[in-house]
Each structure stands twice: as C-alpha cells, then as structure tokens.
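Trainee: Handing you a structure now.
The values are calculated or read from the model by the stated rules, or taken from the named source; none is laboratory data. These numbers come from a predicted model, not from an experiment. Don't worry about glycine lacking a Cβ; one is built from the backbone with ideal geometry, like all the others, and counts go over all protein chains shown.
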Amino acid sequence: MISMIYARIRAFLALVGLVALTAVLAAFAGVHQMGARWLATADYSPDCDYIALLPAGAIPSPTMLMRSYQAAEEYRKNPKAKIVISHKTGAPIEKSTIWSIREELIFRGVPESAILLEKKAINTAEHAKYIKEGNFGDFRTDSYLIVTSPTHVRRSVMSFEAAGFAHVYAIAARARGGVEKMGSNHFLRYDIWYSLMQEIEVIREFVAIAYYRISGLA
C-alpha cells in the first residue's frame with residue numbers, strides 16, 4: 001500500500017517536472033509570442049466617439065499607468081471623444097480606484113468634462129454590458145476605442161461585439177522606453193523570467209476566451 005502511494009507521488013512529481021521543463025523550453029524558444037501577437041490584434045481607429053478605458057487595478061500599478069497614459073494619448077489625437085472608465089466602485093468615490101484613474105487622466109491633460117464613470121463592472125463582459133446599459137453613447141451607431149493591455153485586446157473586442165456594439169476598435173497599452181545595456185547574461189537574468197510570466201498570461205487569456213465562447217460572452 002505504501003509503495004503504491006510512493007509510486008503515485010513519484011509519478012505526480014515527474015509529471016509536474018515535465019510540465020515545468022516544457023514551459024521553460026517553450027519560453028526559451030519564444031513559442032508564446034505567436035499567441036501574444038494574435039491576442040493583441042484588433043482594428044484601430046483614432047477617430048472614435050468614445051474611448052473605453054478598462055482598468056486592471058489601482059493607480060499607480062504599472063499596468064494601469066500604461067493604460068491611462070495610452071487613453072490620454074488617444075484623447076489628444078481626438079479631443080472630441082469622451083473617455084469612459086468602467087470599474088466597480090464603492091463609496092466614498094473620492095477614495096476609489098476609478099477616482100484615482102480619473103485623477104491620473106486629468107494630470108495627463110484630459111479635462112474633467114471628457115471623463116465619464118461607469119461604476120458597476122467587475123470583468124470584461126460586464127464592461128461591455130454596463131457601458132451599453134448605462135447609455136454611454138449609442139452602441140448601434142457610435143464608435144468605441146478600447147484601451148487595455150496587449151493580451152486582453154482580443155477578448156475585449158469580442159465581448160463588446162457579442163454585447164451588440166457595432167463599431168469596436170482597440171489599442172494595446174504597452175511599456176515604452178529606450179534599450180539599455182544591462183551587462184552580460186541579460187537573457188538568463190531577466191528575459192527568461194519575463195517570458196515565463198508572459199507565457200502564463202497568454203495561456204490564461206486563451207482559457208478565458210474559451211470560457212467566454214462557451215458562455216456566449218464573446
């Protein structure tokens with residue numbers, strides 16, 4: 001009995017090791033990059049009626065700072081647009097995530113009058129649902145530019161289209177900066193770990209898309 005338990009434990013650990021080794025080799029080879037490019041692909045138009053900023057945590061997280069920066073940049077290209085920040089919010093609103101994002105946009109030059117707040121959504125499907133139900137424009141005739149992270153672009157567009165939005169575009173908020181010389185073994189010290197994190201993110205997003213498809217949310 002005990003030997004059987006040990007054998008199963010060894011088999012389980014061997015399977016875990018095989019999965020981990022496969023993940024490392026795939027990250028080393030950059031296999032996930034093809035999936036990442038597909039997930040970040042969408043039609044883009046700077047001349048939309050509404051910019052839908054989809055939050056991912058509070059300011060000053062790196063992800064949210066990039067999304068806010070990109071939304072402000074899109075507004076500068078098209079100052080006739082309105083920015084809709086969609087995120088569940090509790091009282092007092094002045095201490096909420098959505099308010100800190102609003103303040104970041106104002107800091108980056110977006111006037112208060114151009115910022116609209118949708119305060120119910122807690123996930124991608126609900127962003128589409130409550131922006132539609134909240135009458136933030138006419139989903140049948142107005143155009144919407146989604147600002148989100150690269151791997152989240154595809155599912156966001158699919159969710160808005162599934163909710164009935166007729167004209168949906170998107171742009172990925174990406175990190176920007178120069179290329180610095182970080183010394184030798186840069187790949188082993190930094191790149192391989194970043195590749196592993198991105199690999200997990202890509203897998204998670206494909207699972208989420210599959211769930212949304214099965215649930216009729218995308």
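Trainee: Could we say that Ala125 is in a helix (DSSP H, G or I) and within 28 Å of Ala36 (Cα to Cα) here?
Mentor: Yes, satisfied.
Trainee: Of all residues in segment 75-102 being charged (D, E, K, R) and surrounded by 15 or more Cβ atoms within 10 Å (Cβ to Cβ), which is farthest from Ala121 (Cα to Cα)?
Mentor: Lys82
Trainee: Would you check if Arg140 is touching a helix residue (DSSP H, G or I) at 6+ places or on another chain (Cβ under 9 Å) and of a type in the set (Lys, Arg)?
Mentor: The answer is no for Arg140.
Trainee: Residues that are of a type in the set (Lys, Arg) and without any contact (Cβ under 8 Å) to a residue 60 or more places away in the chain: does segment 110-126 have at least one?
Mentor: Here is the first cut: in segment 110-126, the ones of a type in the set (Lys, Arg) are 119-120.
Then keep just the ones that are without any contact (Cβ under 8 Å) to a residue 60 or more places away in the chain; that gives 119-120.
Yes, segment 110-126 has at least one match.
Trainee: Further, regarding this structure: Which number in (1) charged (D, E, K, R); (2) modelled with pLDDT of 95 or more; (3) surrounded by fewer than 21 Cβ atoms within 10 Å (Cβ to Cβ); (4) touching a helix residue (DSSP H, G or I) at 6+ places or on another chain (Cβ under 8 Å) marks the one condition that Glu133 misses?
Mentor: (4)
Trainee: State whether one or more residues within segment 152-163 are outside any helix (DSSP H, G or I) and at pLDDT 95 or above.
Mentor: Yes, there is a match, as at least one residue in segment 152-163 is outside any helix (DSSP H, G or I) and at pLDDT 95 or above.
Trainee: Let me ask something else. What are the residues in segment 29-53 that are β-branched (Val, Ile, Thr) and closer than 20 Å to Met66 by Cβ, if any?
Mentor: Thr41, Ile51
Trainee: Pro62 - would you say it is within 24 Å of Arg174 (Cβ to Cβ), of a type outside the set (A, V, I, L, M, F, W, C) and either at pLDDT below 95 or out of contact with any His (no Cβ under 7 Å at 6 or more places or on another chain) (or both)?
Mentor: yes
Trainee: So how many residues does segment 1-42 have that are under 14 Å from Glu201 (Cα atoms), modelled with pLDDT of 75 or more and aliphatic (A, V, I, L, M)?
Mentor: Adding up the residues that qualify gives 4.
Trainee: Taking segment 193-208 on its own, how many of its residues are crowded, with 17+ Cβ neighbours inside 10 Å and within 14 Å of the chain's Cα centre (by Cα)?
Mentor: The total comes to 5.
Trainee: Now, a different point. From Gly109, Gly177, grab the single residue that is modelled with pLDDT of 95 or more, on the phi > 0 side of the Ramachandran plot and either surrounded by fewer than 19 Cβ atoms within 10 Å (Cβ to Cβ) or part of a loop (DSSP other than H, G, I, E, B) (or both).
Mentor: On the way: Gly177 fails: modelled with pLDDT of 95 or more.
Selected residue: Gly109, the only one of Gly109, Gly177 that is modelled with pLDDT of 95 or more, on the phi > 0 side of the Ramachandran plot and either surrounded by fewer than 19 Cβ atoms within 10 Å (Cβ to Cβ) or part of a loop (DSSP other than H, G, I, E, B) (or both).
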